[in-house]
Amino acid sequence: MIETEVYQFITQSKLGVLGTIGELGAPQSALVGIGVTEKLEIVFDTVKSSRKYRNLIARPECSFSIGWAGEKTVQYEGVAEELIGGSENQKVYFDAYFKAWPDGPARLSWAGIVHFVVRPKWIRYSDYDERPPLIQEFKFDSPGV
């Protein structure tokens, strides 16, 4: 298992459960549509009125669970950053997201719509359909890969 295979798995998934920490320290989860860059950065959109938006602005550390067909999953921990207009790599992130979600550009006109990029710190790919199970971990010391 190499990082390119993890990239392929995530691109096929399109959805992930985002975990954040709420204002009072309680965990909160939300199913979100995702795109992924070749550096394994996850991109998603939300609105400023959502709990996830408030949580990530206050505490950018977050997690994802991705994949639930069969027994193949990715556990993902990283740090989120809101994409502000004119961000250095904004085109790369939008391209990754809009590739997965072609209707994404239509949502750009929504009131309060924002995009986040999550850069990986730790990823674990598990395939329990394999015998013996295939489990591979990746650690990232700096933002991105």
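The values are calculated or read from the model by the stated rules, or taken from the named source; none is laboratory data. Owing to the predicted nature of the structure, the values given are computational and were not obtained by experimental measurement. So basically every Cβ, Gly included, is an ideal-geometry build from the backbone, and we count neighbours across all protein chains shown. Surface accessibility is based on the protein's heavy atoms, side chains included, excluding ligands, DNA and RNA. Shrake-Rupley method; radii C 1.70, N 1.55, O 1.52, S 1.80 Å.
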Which FRET efficiency value, to the nearest 0.05, do you get for Lys91 and Lys14 by plugging their Cβ-Cβ distance into 1/(1 + (r/R0)^6) with R0 = 22 Å? 0.60
For the stretch 59-104, compute the orientation-averaged projected area of the C-alpha convex hull (one quarter of its surface), in nm². 4.5
How many lysine pairs in the chain, separated by 8 or more positions in sequence or lying on different chains, have Cα atoms less than 17 Å apart? 9
GNM result for the chain, Cα springs below 10 Å: residue of Tyr53, Tyr128, Tyr97 fluctuating most strongly: Tyr128
Using only C-alpha positions, report the orientation-averaged shadow area of the convex hull of the stretch 78-135, nm², one decimal. 5.8
Per residue, how much accessible area does the chain show when a 1.4 Å probe rolls over the protein heavy atoms, in square angstrom? 55
Give me the Kirkwood hydrodynamic radius of the stretch 12-90 in Å, from all C-alpha pairs, to one decimal place? 13.3
Run the paramagnetic zone check for Ile113: 7 angstrom along Cα to Cβ, then residues of the stretch 24-40 with backbone nitrogen under 20 Å. 31-37
Shape call for the stretch 103-145, from the Cα gyration tensor axes a ≥ b ≥ c (a/c under 1.5 means rounded, otherwise prolate when a/b beats b/c, else oblate), comes out oblate
Can you tell me the Rg and Dmax of the stretch 10-145, counting just the alpha carbons, in angstroms? 14.9, 49
Under the rule of -39500 (n - 2.57) per DSSP H run of 4 or more residues, summed and divided by the residues of the chain, what mean residue ellipticity at 222 nm is obtained, to the nearest 500 deg cm²/dmol? -6500 deg cm²/dmol
